[in-house]
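Worksheet: one structure, shown below.
The values are calculated or read from the model by the stated rules, or taken from the named source; none is laboratory data. None of these values were measured; they are calculated from a predicted model. Heads up, the Cβs are rebuilt from the backbone with ideal geometry, glycines too, and the neighbour counts pull from every protein chain shown. In case anyone asks, the SASA skips ligands and DNA or RNA and just uses the protein heavy atoms, side chains included. Shrake-Rupley method; radii C 1.70, N 1.55, O 1.52, S 1.80 Å.
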Amino acid sequence: MTTQAVSVDVAGPADEPAVPDECRDWLRRVADLLIPASETMPAASDAGVAARQLDVVLRSRPDLTHHLLRAWTLTVDTDPPEVMAELRALDPTAHDALCLIVAGGYYTNPRVRGLLGYTGQQPHVVGIAEDIDEELLSRVIERGPRYREA
Amino acid sequence: MEQAEVLIIGAGASGGVAATALADAGFDVLCLEQGTWPDRAEFPAQRVTYELEARKQWSGSPNVRRNAGDYPIDDGDSDIVPLMYAGVGGSMTLYAADWPRLLPSDFRVRSLDGVADDWPLRYADLRPYYERTDVAFGVSGAGGDPAYPDGAEPPLPPLPIGQTGLRMARAHDRLGWHWWPAAQAVLSAPYAGRRPCVQYGACMQGCPEGAKASTDLTHWPAAIGKGARLITEARVARILVSRQGLATGAEFVRPDGSWDIARADVVILAANAVGTPRILLNSASPLHPQGLANSSGLVGRRLMVHPFANVMGYFDDDMASWNGHVGAKITCYEFYETDPDRDFVRGAKWSLAPTGGPLNAALPTRAGEDAWGPEHHEHVRRHLGRTISWGIFGEDLPDESNAVELDSSLTDSSGIPAPKITYKVGANSRRLLDFHIARATESLREAGAYDIATESLMRYSGWHLLGTARMGADPATSVVDEFGRSHDVPNLYVMDGSVFVTSGGVNPTSTIVALALRSAEHLVANRRQQRIPA
Ligand SMILES: Cc1cc2nc3c(=O)[nH]c(=O)nc-3n(C[C@H](O)[C@H](O)[C@H](O)COP(=O)(O)OP(=O)(O)OC[C@H]3O[C@@H](n4cnc5c(N)ncnc54)[C@H](O)[C@@H]3O)c2cc1C
Ligand code: SF4
């Protein structure tokens, strides 16, 4: 158990999913191999995929919790770099769930979304027919009917 | 016990349209729907976890989603997974609202191309109904599309085509190929008390604005205002039939698990092309051992689902291609009609849709390969916002071995036998898709794509469920007549996507609802001749 993980990452509301700290430590190590830091993007652990973002993921997808716990239990003696290959062979469902948990946690992090410039799922007022080029459209009409009379 | 003049089973697209027309005409209408009313506040569009929820509780597959209202489907023997939603509004709750019509040739494939069968009606017969349902649902689009015969313009102007639409429009302009702003059942402006689209880009997990048309918004409130009764969480097991061969009502399960009866003079099935044959086959009795309305043996047969391919181009610049309504920005009908120089008949419509958010970009479902480790960020950068994809809806020719049957052991939670689907993509469809993939690749290259990824058959693409109780004039080769009336049981109607004779190569819902309106109004007009139980 890492006390730092408890104080920094796990503190939160009472309804937090029950994932042991050892499992979070394991996840942090595996996740950083899946999504390491780049020049512009943080590593998975820095984006909180084993901490708050894990809680975000599991609150929205409680069904993933037991796949995570199973993945951890199956590979508890495996070196982190071998974990994904081993899971793919032993338990593809747990393997896929782990990918989803790591990517799901990472890409729901607002800082990551900001760095990517992703502003989807936010309301934008629709400009009525303002981006349709009438000249292009009239050339489609000039080319004549496309359908068969029947 | 419940009682009504008309019992409708299913409150989805066709059920909502039929209920409104009948309630308007003064009929006492009762509808039994296995799902609940949608709660727009629950739709995930505005939550950061939207892409995670889309893969489970908001999946189009009842087997993945497993809501209380869903029944399971054995799809192990199907190339394509059937997708649908149970609730008021039906599968329209999750649909993408791409709203094209069938073309004139789609109704005449036997006469024109020597395959499958002609419909017992033509495009011109349906056109007035298309125009009325466009108004009722609030369709946005641009009039004058040369892919279609002349007719009334959609009631609302087109939605934005976005950077991706414009780029592909210019490419098709250079190629001399057809393109057109896509007709969508999504509001581009306020309409009938509903708010317009604000481009969340999450239409396939429910539209929180109510900008996307579905019958829970566009039809059921009016139908209920006219006296129609809608009972939700009511799961129909089977239709009951008298010795005289008339439908007398249905047996159903209430949410507390108790069984009940709804009696009616006329029964309308609107449970979609999987749910309807399931009910008819579950209604087998000593008088109808093969299932109800099944003297032709075609109930459940000829399932068509539109095999779907996706061709995606990679571009250098960020076009925010995750943005906007999900149905289609623009469409292309350049290769829709049969060309004798090709090694297949019929064709496909292309739809240009957004390519998804960051989770979609990161996971192998879109990429086709894993990209973890040091390459991960470059992989996401390539995909997110910098891709354009053509979705190709190929015409699916009917084949009696593609079928909905009853599973020998699987049941829903009430013990009612569940459906099993057998579906294989035919040889004509495969050649058709391969040709279209090659043309879509040319299109994207012309637009400047530096790389192309192809999904030559998407398994989770069974959005369009059609053909399992086909219409026709001959009772030996069809289940219902051109107005959805069963040849065998004169007070039993089918008004959902099951009645399609052939599939066409376009999204079907505008045609499903136009047919439902035509059938319901025919029932109203002929009410005095309608045989009913004593
Ligand atoms: C994810 C997705 C995307 C789609 N996108 C498009 C698109 O862009 N364009 C397009 O044209 N189409 C699209 N479709 C298809 C479209 O939703 C359907 O064509 C249309 O809803 C079918 O109408 P229907 O009346 O036949 O059945 P449905 O709308 O499916 O309604 C059937 C209703 O019957 C109920 N029911 C079934 N069995 C029972 C029973 N035993 N007892 C009580 N109730 C029962 C169901 O719960 C359901 O509410 C999409 C579908 C999905 C799932
Ligand atoms: S893009 Fe428009 S139609 Fe789709 S969910 Fe958002 S508001 Fe609704």
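Could you list, bin by bin from short to long, the percent of Cα-Cα pairs of the range B:446-534 in 5 Å steps?
Computed distribution, short to long bins: 3, 12, 19, 18, 14, 9, 7, 5, 4, 4, 3, 2, 1, 0, 0.
Can you pull the semi-axes for the range A:21-121, root of five times each eigenvalue of the Cα gyration tensor, sorted largest first, whole Å?
Values for the range A:21-121, descending: 23, 15, 11 Å.
What's the total accessible area buried between chains A and B, using a 1.4 Å probe, rounded to the nearest 100 Å²?
Roughly 4900 Å².
Rounded to a whole number, what % of the accessible area of the range A:21-121 do carbon and sulfur atoms account for, probe 1.4 Å?
On the way: 2250 of 4110 Å².
Roughly 55 percent of what the probe reaches on the range A:21-121 is carbon or sulfur.
B:MET319 accessible area, nearest 10 Å², 1.4 Å probe?
The accessible area comes out at roughly 10 Å².
With every protein chain left in place, what is the accessible area of B:ARG238 in Å² (1.4 Å probe, nearest 10)?
Using a 1.4 Å probe on the heavy atoms, I get roughly 90 Å².
Give me the percent of DSSP beta bridges within the protein assembly as shown that run antiparallel, rounded to the nearest 5.
65
With angles folded into 0 to 90 degrees, how steeply does helix B:123-137 sit against the dominant principal axis of chain B? Use alpha carbons for both and round to 10.
Tilt of helix B:123-137: around 80 degrees.
Work through the residues other than B:ASP28 whose Cβ is under 14 Å from its Cβ and net out their charges, Lys, Arg +1 and Asp, Glu -1.
That works out to 0.
Can you sort A:SER38, B:SER188, B:SER409 by 1.4 Å-probe accessible area, starting with the largest?
I get B:SER409, A:SER38, B:SER188, largest accessible area first.
Pop the C-beta distance of B:ARG229 and B:THR411 into the FRET formula with R0 = 35 Å and round what comes out to the nearest 0.05.
0.80
Where does the charge balance sit around B:ALA353 when Lys and Arg score +1, Asp and Glu -1, over other residues with C-beta under 10 Å from its C-beta?
Taking every Cβ under 10 Å from that of B:ALA353, the sum is 0.
Taking 50 Å² as the minimum loss, tell me which residues in the range B:40-72 lose that much accessible area going from the chain by itself to the full protein complex (1.4 Å probe).
B:VAL48, B:LEU52
Quick check for me: using +1 on Lys/Arg Cβ and -1 on Asp/Glu Cβ, what's the dipole size of the range B:293-376 about its Cα centre, in debye to the nearest 20?
700
Can you report the principal axis dimensions of chain B using only the alpha carbons, biggest first, rounded to whole angstrom?
71, 49, 45
For B:GLU334, what accessible area in Å² do you get when you roll a 1.4 Å probe over the heavy atoms of the protein chains, rounding to the nearest 10?
Its heavy atoms expose roughly 30 Å² to the probe.
Where does each of B:ASP496, B:ASP316 land when they are ordered by accessible area, with a 1.4 Å probe and the largest first? Let's see the in-between values first.
Details: B:ASP496 5, B:ASP316 120 Å².
Of B:ASP496, B:ASP316, the descending order of accessible area is B:ASP316, B:ASP496.
Can you list, largest first and rounded to whole Å, the semi-axes you get for the protein assembly as shown by taking the square root of 5 times each eigenvalue of its Cα gyration tensor?
Its equivalent ellipsoid spans semi-axes of 42, 31, 23 Å.
Would you pull out the residues with amide H under 5 Å of B:ILE8's amide H, same chain only if 5 or more places away, H placed 1.01 Å from N?
B:LEU30, B:CYS31, B:LEU32, B:ILE268
Rounded to the nearest 5, what % of the DSSP beta bridges within chain B are antiparallel ones?
65
Against the longest principal axis of chain B, how steep is helix B:162-175, in degrees 0 to 90 to the nearest 10, with axes from Cα atoms?
Helix B:162-175 sits roughly 80 degrees off the main axis of chain B.
For the pair B:GLU5 and B:ASN526, how long in nm is the line joining their label points, each one 7 Å along Cα→Cβ?
Calculated label separation equals 1.7 nm.
Sticking with the crude label model, points 7 Å out along Cα→Cβ, report the distance from A:LEU74 to A:THR119 in nm, one decimal please.
Taking the simple label geometry, A:LEU74 and A:THR119 are separated by 4.2 nm.
Counting pairs of alpha carbon atoms under 8 Å apart in space and at least six apart in sequence, what relative contact order in percent does chain A give?
Worked out over chain A, it gives 22 percent.
Quick check: residue separation of B:ALA534 and B:ASP370 times 0.36 nm, minus the Cα distance between them. What number comes out in nm?
So the chain would gain 52.5 nm between B:ALA534 and B:ASP370.
If I take R0 = 41 Å and measure r between the Cβ atoms of B:SER111 and B:GLU42 in this structure, what FRET efficiency does the formula 1/(1 + (r/R0)^6) give, to the nearest 0.05?
0.30
Express the relative contact order of chain B as a whole percentage, based on alpha carbon pairs under 8 Å and six or more residues apart in sequence.
Once divided by the residue count of chain B, the mean separation gives 23 percent.
Counting only residues 5 or more places away or on other chains, whose amide H sits under 5 Å from the amide H of B:ASP407 once H atoms are built in the peptide plane?
For B:ASP407, the qualifying residues are B:ALA418, B:LYS420.
Just to confirm the number: angle between the C-alpha axis of helix B:509-525 and the first principal axis of chain B, 0 to 90 degrees, nearest 10?
Approximately 20 degrees, to the nearest 10.
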